[in-house]
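The values are calculated or read from the model by the stated rules, or taken from the named source; none is laboratory data. Computed from a predicted model, the values in this text were never measured in an experiment. Here the Cβ is made from the backbone with ideal geometry for all residues, glycine too, and neighbour counts use every protein chain on show. Note: areas computed on protein heavy atoms with side chains; ligands, DNA, RNA excluded. Shrake-Rupley method; radii C 1.70, N 1.55, O 1.52, S 1.80 Å.
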Amino acid sequence: MTNNRSKRQIIEAAALTFDKYGFKKTTMDDIAYAAGKGKSSLYYYFKNKEEVFEAVVGHEAEHLKREIYEALNKTDHSVEKLRKYILIRMRRFVQRGNLYKALTDNFLNTFSFIEKIRDRHREWELETLGNILRSGIEQKEFKPVDVQFMSNAVLTAMIGFEMPLLKNAETETEFDQKINDVVNMLFYGICT
């Protein structure tokens with residue numbers, strides 16, 4: 001139990017440190033200092049900085065998934081599930097900087113573990129979107145569509161909106177409104 005608590009403490013401290021300094025500038029000394037541990041304690045749990053970062057990103061991804069599943073389980077309506085999924089996903093990418101950086105930072109492309117993280121996360125997103133779409137089709141909330149294609153289209157649209165939304169929204173209310181505008185456009189188009 002103490003080992004898990006120490007490891008979790010290191011991961012949480014590392015998350016803040018990576019978020020503050022970025023992957024490239026963060027050192028194992030920085031992480032040890034932030035965790036209040038000796039550097040040798042870090043090496044007990046992790047071989048190197050890359051392993052620590054992988055654990056941080058995995059930790060953040062699990063939190064995101066848990067939050068999305070909780071929201072999805074609160075409604076039976078697929079339209080609302082898709083709206084909640086998109087809103088939470090986009091909101092949390094602002095707050096969970098390390099996961100977002102792992103998925104988008106070109107510098108990190110040089111690390112093979114990043115590609116694995118990206119592949120796992122994309123698979124999970126496509127599976128989740130596919131489940132929502134299939135349920136919506138069964139419930140007659142959505143038109144019958146090619147679920148695999150539409151899941152990819154929705155995910156691609158979200159990824160395309162990430163930077164403009166993250167850069168231009170000044171308040172949480174404004175951010176939520178922009179997300180709702182995007183969702184409404186996906187659902188209803190832009191024609192009157």
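Restricting the first residue to the range 123-145 and requiring it to be in contact (Cβ under 8 Å) with a residue 40 or more places away in the chain and among the small types (G, A, S), which pairs with a second residue that is outside any loop (DSSP other than H, G, I, E, B) and surrounded by 17 or more Cβ atoms within 10 Å (Cβ to Cβ) meet a Cβ separation below 8 Å and a spacing of at least six or different chains?
S135/S78; S135/K81; G136/S78; G136/K81; G136/L82
Quick one: which of L166, L126 is closer than 21 Å to A61 by Cα, at pLDDT 80 or above and either assigned to a helix (DSSP H, G or I) or not β-branched (V, I, T) (or both)?
Unique residue meeting the criteria: L126.
Give the number of residues within the range 131-143 that are part of a helix (DSSP H, G or I) and surrounded by 17 or more Cβ atoms within 10 Å (Cβ to Cβ).
So the count comes out to 4.
Scan the range 23-38 residue by residue and report those that are surrounded by 14 or more Cβ atoms within 10 Å (Cβ to Cβ) and of a type in the set (K, R).
Of everything in the range 23-38, just one residue is surrounded by 14 or more Cβ atoms within 10 Å (Cβ to Cβ) and of a type in the set (K, R), namely K37.
Could you list, in sequence order, the residues of the range 41-66 that are open to solvent by 30 Å² or more (accessible area, probe 1.4 Å), in contact with a helix residue (DSSP H, G or I) (Cβ under 6 Å, 6 or more places away or on another chain) and either farther than 19 Å from D29 by Cα or among the β-branched types (V, I, T) (or both)?
The answer is H59, and nothing else.
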